[in-house]
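A.B. asks: The structure is given below, and queries will be raised subsequently.
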Amino acid sequence: MADSRTIVTGVDGSETATAAAERAAVLAGALGARLHVVSAFGKFESETVRIGSDTLLLSTERDAEEVAAKVTKALQAAHPDVQITSGAAEGKPGDALVATAEALGAELIVVGNKRVQGIAGRVLGSIARDVAARASCDVYVAHTHERR
């Protein structure tokens, strides 16, 4: 269990996920909580690339970590009083968010409400729906799309 209040949010490089992360940072500041930004990646894959004398390890996990770190850097600049960490988690986005929240003892998961096609997606985006169905903590669905 975490020593302090923890909020978890997920990012994937999209504007809607970044908007939800911004809302999560505002909530973390208001609640005196720390924020953990996570980016999900599918099955772990890696490739070693040699460029001259340098050897680079490219992986799906590293790509996800970079997405989360980029958003975290921007959030930290906008919210300097909030403790913000980041990381990557393997799995589908909803599963990764729930697993990360459980591992950190989070009180809240913040997700966006990006709309998807289909009847089920009209109320909540698919990730928001998955997280709300599985989370063992509260879920905050941030308004992240334009109303039509």
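A.B. asks: Hey, rough spin-label estimate for ALA103 and SER136, points 7 angstrom out along Cα→Cβ, what's it come to in nanometres?
C.D. replies: 1.5
A.B. asks: Could you give the length gained by full extension between ASP81 and HIS143, i.e. 0.36 nm per residue of separation minus their alpha carbon distance, to one decimal place?
C.D. replies: Roughly 19.9 nm would be gained on extension.
Throughout, read-outs are computed from the coordinates displayed, never taken from laboratory work. Computed from a predicted structure; not experimentally measured. Reconstructed Cβ throughout: ideal geometry from the backbone, glycine too, with neighbour counts over all protein chains shown.
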